[in-house]
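Notes for the one structure printed next.
The values are calculated or read from the model by the stated rules, or taken from the named source; none is laboratory data. None of these values were measured; they are calculated from a predicted model. Positions of Cβ are backbone-derived with ideal geometry, glycine not excepted, and every protein chain shown enters the neighbour counts. We work out accessible area using only protein heavy atoms, side chains counted, and drop any ligands, DNA or RNA first. Shrake-Rupley method; radii C 1.70, N 1.55, O 1.52, S 1.80 Å.
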Amino acid sequence: MSFRTNPEHSEPLASELKKLRAENEKLKRKLEDANKKLRRVPVEFKFNAAMLQPGLVLEMYNQTTENLTVTVRAFRAIGNASQKFRRVLPQLPVLKQDPTEIGHAEGWAFIRGDEVEISSDGFDPIKVIVL
């Protein structure tokens, strides 16, 4: 069985198909980017100078509307020291003056060069080096 096409109709259709394919690729890239963001542990964090002891304190804030259990692994190449902490971060809204902290009082004063990993079940971990 063969079909005959009218050349007048095929060019607009081919052009429309090309546009739809390009739009489809754009949407695929947006979806992939969104999925990457969704898989990252939803935690905002920063390091601040400790008030009473030398070193830095890790401050963490949950970015979700449910409590979030995280594991923080700290590694120091000098002395080959490491420690693991498990914390439950309270759900949003969390006031900026009430972070969940890990520092000297918890047994680890962070210093420059420490490697830190923040992980939680179902998410890709965050890995940073303290600067």
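Out of these labelled values of Cα Rg over 2.2 N^0.38 Å, [x] 1.76; [y] 1.07; [z] 1.69, which was calculated from the coordinates shown here?
Working out Cα Rg over 2.2 N^0.38 Å from the coordinates points to [x].
Mind giving me the FRET efficiency for E16 and T65? R0 is 41 Å, r the Cβ-Cβ distance, nearest 0.05 is fine.
For E16 and T65, the calculated efficiency is 0.45.
Multiply the residue separation of R76 and V128 by 0.36 nm, subtract the distance between their alpha-carbon atoms, and state the gained length in nm to one decimal.
Residue separation times 0.36 nm, minus the Cα-Cα distance, leaves 17.5 nm.
Normalised by the residues of the chain, what does the relative contact order come to in percent, with Cα pairs under 8 Å and at least six apart?
It comes to 23 percent, rounded to a whole number.
Tell me the per residue accessible area of the chain using a 1.4 Å probe; a whole number in Å² is fine.
76 Å²
Helix 7-39: angle to the longest alpha-carbon principal axis of the chain, degrees 0 to 90, nearest 10?
10 degrees
Calculate what fraction, in whole %, of the accessible area of segment 27-106 sits on carbon and sulfur atoms when a 1.4 Å probe is rolled over the protein chains.
After summing per-atom areas, the C and S share lands at 54 percent.
Between E106 and A34, what is the label-to-label distance in nm when each label sits 7 Å out along the Cα-to-Cβ direction?
In this crude spin-label approximation the distance works out to 3.3 nm.
Taking the Cα centroid of segment 58-131 and of segment 12-51, what is the distance between the two, rounded to the nearest whole Å?
With segment 58-131 and segment 12-51 each reduced to a Cα centre, they are spaced 26 Å.
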